[in-house]
Amino acid sequence: MKTLEELLQGIGCVGEVFDSTGELTESGSKAYHFLVDLLYDIECLTGKSVSCIIRELDNICEENY
């Protein structure tokens with residue numbers, strides 16, 4: 001299983017995903033927004049809501065870093 005950090009690095013984050021305060025870096029934020037946009041595109045294609053997935057990703061971001 002990959003961590004959120006590994007996932008974001010795999011989809012385009014260059015360098016560190018989080019800074020020393022635990023906030024997303026500029027590159028990490030771009031990758032995160034790309035992931036969220038991709039999930040919403042999948043929602044449009046399938047008709048299945050991804051809001052629970054996005055909420056869980058937000059929680060992981062806030063709790064772990």
By accessible area with a 1.4 Å probe, ligands and nucleic acids excluded, highest first: order of Val36, Val17: Val36, Val17
Hey, what number do you get for the chain at 222 nm if only DSSP H runs of n ≥ 4 count, each worth -39500 (n - 2.57), divided across all residues, to the nearest 500? -21000 deg cm²/dmol
Contact order relative to length for the chain, counting C-alpha pairs under 8 Å separated by 6 or more residues, stands in percent at 29
Long-range share for the chain, i.e. C-alpha pairs more than 12 Å apart as a percent of all pairs, stands at 69
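The values are calculated or read from the model by the stated rules, or taken from the named source; none is laboratory data. Please read all numbers here as calculations on a predicted model, not as lab measurements. For accessibility, only protein heavy atoms count, side chains too; no ligands or nucleic acids. Shrake-Rupley method; radii C 1.70, N 1.55, O 1.52, S 1.80 Å.
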